[in-house]
Amino acid sequence: MGRARRRIAATAASLCLLALAPAACTGGGPGHAPQPTTSGGGEIVVASGLDVTGTDGVRQQLIQQWNSTPTGKQHPARLVELPGSADQQRSQLLGALQSGSSAYDVVNLDVTWVPEFAQAGLISPLDRRPGLDDADVIPSVAATARWKGHTYAAPFNSDVGLLYYRVDTLEDVGIDPSSYPGKATTWTQLQSLIRAVGEAPASDRPPGYQAGWTSQLDAYEGLTVNAVEAFESKDVRLTDADGRYTATTAGLRTGLTELKTRAGNDYTLPAALSSREAQSLSDFAAGRTDFLRHWPYAYGALFQTLDASQLAVAPLPGKAVLGGQDLAVSAGSPRARYALDLIAYLTRAESERCLLDAGFAATRKSAYTDPAVRCRLAPAAGPSVPTETHDMPRDPDGRPSYAAPILLPALTNAVQRPRTPYYGAFTQLLQSRLHDWLSNPDLTDPDQLADSLDTALAKILKGK
């Protein structure tokens, strides 16, 4: 019996606790909000989604460290984690900021929300604040914080699609995992590899093995991400940098065909069409599939139950989508001056190194490459990485071992989802139409869907 059959008995149950993740319009003009100058007293409140590094996670630890500094003692900060899905968190933030409430001074925005909040004048432009958009920030990541030529936020933690694969399963079916996947692997080569595993004797595969590949294809933001990755891999761009619709019916057909090859074939795990981050992570760890498209935090989560003889990670073939969150100052904050100081502290090189060590994707190049940049959390804040049975593999400087060779290039080469203040309407339309199409085995021809999407997207991206 292969090693994969002997090693997975308890994996699925333990991953259920590790796989939680947060994830993927109004009028007014960009730059409508004034530059932040007010300096009222009181607690600086930071609103954010769930920290995937767990209870008392690294974000909370960094805020605790800020509170121990001289400025932080005078102007302490408090982290408020918003409940619900990413869409629900967006609605909560929009409602609070549109009402003129000063409940939140700093908002941790998904990168796709920045144009919407900026266009509506709900966050303040930060063009004159030095250090928030400097050369150390990865250029593709820095671009997420800008809209219409202005900087509205500071990148806090980033994200990018990666390919995880089961080394033990490949070896058990007689495939050398050192040959590929790798940096030059194409999607076509990956498909061939997936099929080779599927054609191996069942006795060599893990018990419960179903299909070779899974991703997050439920009708939510994960499906939008997978679709954009498929489209961009075929050079199909839905918008320009200013959010204007640029696709054609022919381009949409090409992108839909590529998406179908990834999500609608026999090598795709059947559960993928109802999977989000947690389910796809659990399916992969349990051996039901060999290849997984997921985010960087999965590296640390998976290594809590697997080891380096079982698990490896590579760049995602084709184009990978950029994710992450950016910190912005609420336009109504009476504590904007100190909120800016807090943002500068949370996004400095040392803080980014702490985020990287804990499992996030850092936004600064120095966090990956400069040995002098270290995480020095205050003793009261605890360790930057929770103590677990297995820690992720690390390089000699203590970074996750894949960070410099794989994660940094992936972030540098990543593509963005459409930059538009109407992103909420855009993604809801795309999720609904694509999920219905992928879920219906009788719908294989993309022509009709391409025609209807072309009309609908052109309308929605004009705010109609």
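The values are calculated or read from the model by the stated rules, or taken from the named source; none is laboratory data. The structure displayed is predicted, hence computed values, not measured ones. Positions of Cβ are generated from backbone atoms using ideal geometry, with glycine treated the same way; all protein chains shown enter the neighbour counts.
Structure values in brief
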quantity: Neighbours by Cβ (under 8 Å, 6+ apart or cross-chain): first from segment 439-464, β-branched (V, I, T); second not in a loop (DSSP other than H, G, I, E, B); calculated: T444/K260; I460/A425; I460/F426; I460/L429
quantity: Residue under evaluation T347, criteria (1) assigned by TED's automatic domain parsing to the domain that holds Q191; (2) crowded, with 24+ Cβ neighbours inside 10 Å; (3) among the β-branched types (V, I, T), criterion not met; calculated: (1)
quantity: Residues of segment 69-85 satisfying the condition of being in a strand (DSSP E or B) and either of a type outside the set (D, E, K, R) or surrounded by fewer than 15 Cβ atoms within 10 Å (Cβ to Cβ) (or both); calculated: A77, R78, L79, V80
quantity: Criterion: outside any helix (DSSP H, G or I) and under 19 Å from H294 (Cβ atoms) - qualifying residue of A247, A227, A219, A241; calculated: A219
quantity: Matching residues in segment 201-216 - criterion: being surrounded by fewer than 16 Cβ atoms within 10 Å (Cβ to Cβ) and not in a loop (DSSP other than H, G, I, E, B); calculated: A202, S203
quantity: Residue in segment 439-452 that is out of contact with any strand residue (DSSP E or B) (no Cβ under 8 Å at 6 or more places or on another chain), buried (at least 22 other Cβ atoms within 10 Å of the Cβ), modelled with pLDDT of 95 or more and over 29 Å from L311 (Cα atoms) present; calculated: no
quantity: Qualifying residue in segment 239-252 (condition: of a type in the set (F, W, Y) and either over 22 Å from Y423 (Cβ atoms) or assigned by TED's automatic domain parsing to the domain that holds D395 (or both)); calculated: no
quantity: Enumeration of residues in segment 270-328 that are of a type outside the set (A, V, I, L, M), assigned to a loop (DSSP other than H, G, I, E, B), over 22 Å from S192 (Cα atoms) and in contact with a helix residue (DSSP H, G or I) (Cβ under 9 Å, 6 or more places away or on another chain); calculated: S275, R276, W295, P296, Q304, T305, S309
quantity: Check on L190, out of contact with any Asp or Glu (no Cβ under 8 Å at 6 or more places or on another chain), outside any loop (DSSP other than H, G, I, E, B) and buried (at least 17 other Cβ atoms within 10 Å of the Cβ); calculated: yes
quantity: Tally, over segment 364-407, of residues that are surrounded by 19 or more Cβ atoms within 10 Å (Cβ to Cβ), in contact with a helix residue (DSSP H, G or I) (Cβ under 9 Å, 6 or more places away or on another chain) and at pLDDT 55 or above; calculated: 13
quantity: Qualifying residues in segment 99-130 (those that are within 18 Å of L340 (Cα to Cα) and β-branched (V, I, T)) - the one surrounded by the fewest Cβ atoms within 10 Å (Cβ to Cβ); calculated: V114
quantity: Failed item, numbered, when P155 is tested on (1) modelled with pLDDT of 95 or more; (2) within 25 Å of D51 (Cα to Cα); (3) surrounded by fewer than 24 Cβ atoms within 10 Å (Cβ to Cβ); (4) not hydrophobic (A, V, I, L, M, F, W, C); calculated: (3)
quantity: Filter result (of a type in the set (V, I, T) and surrounded by fewer than 23 Cβ atoms within 10 Å (Cβ to Cβ)) within segment 217-244; calculated: V236, T239
